[in-house]
Amino acid sequence: MKKRVLFMGTPDFAVSLLQVLIDADIDLVAVISQPDKPVGRKQVLMPTPVKKLALDHHIPVYQPIKIKELTQFIGELNLDLIVTCAYGQFIPMAILEAPRSGSVNVHASLLPKYRGGAPIHRALISGDHESGVTLMRMVNQMDAGDVLAKVIVPITEDDDVGSLHDKLKGAGALLLSINLSALLSNKLQGIAQDETQVSFAYNISPDDEFVSFKRNVSIVYDHIRGLSPWPVGYGLIEGKKLKLIKAFKIIEDHHDPIGQFVAYEKGLKIACDGGYVVVTQCQAEGKEKMEASAFYNGLGKSFLNRNFK
């Protein structure tokens, strides 16, 4: 008899994990995802990425406003395992303990580092050189369960949130695929997390989106790429917001005023401590995103030799 598995997830990051379960020799009895949300100017209700894939494969999908509404239903599914990834709600222990082999989560960091909702952003903003994915037991505390398996993923100088997201998404799928059989047969031994090494990846706030250029060049560059391509950070120049979508850095001693837009050289060249950040794609208030050359040839020239905050 095939093992009975339930999957809980919502965003694109979780799609590759759902695909692993679809391809596995199991009985994927149902998928639980967050409710559909209105998108765009017309506020059209759109299915979550996980829901879309599940429906494409004719898998039943449930989208409770509050997951506790399904406690009894899940308890009656006679499950062997629950797999979760970025579901988006706190899951009660009555649900987590329902399957015979318990419940596991796939998290986009090397736990206990970066528990919480924005581990990819925080790793980049912090200038980390590596990230990874952790397979862990689910407990009654956020991302605090025993670690079952990990995979390390290097962070390159060119990575941003989009590229690192995709690397970790693939790594997470591979991690689950390799360990699924052992999970279902209870052969994986967990290791308790070291509570002295815990850090938290809090969700990005509006305050986090402001990028000050009056800092070290590497810190500024990491801040920009740690918010790109979503939610996108911004600088302030002459009281106006300029969204900073793509950039690169130049490490170089100079005597230019820190924060000054000093030239156009392959982008908007802005002086920082220890070098320059060159913005190559941006978005002015009320405008579409554009290459820095288009911005400079329009409004941008008026900001030359002016200072970012």
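Worth a mention:
- Residue in segment 233-255 that is in contact with a Lys or Arg (Cβ under 9 Å, 6 or more places away or on another chain), within 25 Å of L164 (Cβ to Cβ) and assigned to a loop (DSSP other than H, G, I, E, B) present: no
- Among the residues of segment 145-166, those that are out of contact with any strand residue (DSSP E or B) (no Cβ under 7 Å at 6 or more places or on another chain) and not acidic (D, E) comprise T156, V161, G162, S163, H165.
- Yes/no for V211 being under 21 Å from G286 (Cα atoms), in the same structural domain as L299 (by TED's automatic domain parsing), modelled with pLDDT of 95 or more and touching a Phe, Trp or Tyr at 6+ places or on another chain (Cβ under 7 Å): yes
- Looking only at segment 293-309, and only at residues there that are within 16 Å of E265 (Cβ to Cβ) and either of a type in the set (F, W, Y) or under 26 Å from the mean Cα position of the chain (by Cα) (or both), the one that is surrounded by the most Cβ atoms within 10 Å (Cβ to Cβ): F295
- Test: residue in segment 128-141 that is surrounded by 24 or more Cβ atoms within 10 Å (Cβ to Cβ), modelled with pLDDT of 95 or more and part of a loop (DSSP other than H, G, I, E, B): no
- From A14, A94, residue being in the same structural domain as V147 (by TED's automatic domain parsing), in contact (Cβ under 8 Å) with a residue 40 or more places away in the chain and either basic (K, R) or not in a loop (DSSP other than H, G, I, E, B) (or both): A14
- Residue within segment 215-230 that is out of contact with any Leu (no Cβ under 7 Å at 6 or more places or on another chain), crowded, with 16+ Cβ neighbours inside 10 Å, of a type in the set (V, I, T) and within 21 Å of G298 (Cα to Cα) present: no
Conditions (1) in contact with a helix residue (DSSP H, G or I) (Cβ under 9 Å, 6 or more places away or on another chain); (2) polar (S, T, N, Q); (3) surrounded by 13 or more Cβ atoms within 10 Å (Cβ to Cβ), marked per residue:
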residue	(1), (2), (3)
S33	yes, yes, yes
G40	no, no, no
M46	yes, no, yes
P49	yes, no, yes
F73	no, no, yes
L77	no, no, yes
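- The requirement of being under 15 Å from V5 (Cβ atoms) and assigned by TED's automatic domain parsing to the domain that holds A192 is satisfied by I74.
- Residue count for segment 25-79, restricted to those that are more than 22 Å from the chain's Cα centre (by Cα), in a strand (DSSP E or B) and among the aliphatic types (A, V, I, L, M): 6
The values are calculated or read from the model by the stated rules, or taken from the named source; none is laboratory data. The model shown is predicted, which means the values in this text are computed figures rather than measured ones. All Cβ positions, glycine included, derive from the backbone under ideal geometry; neighbour counts span all protein chains shown.
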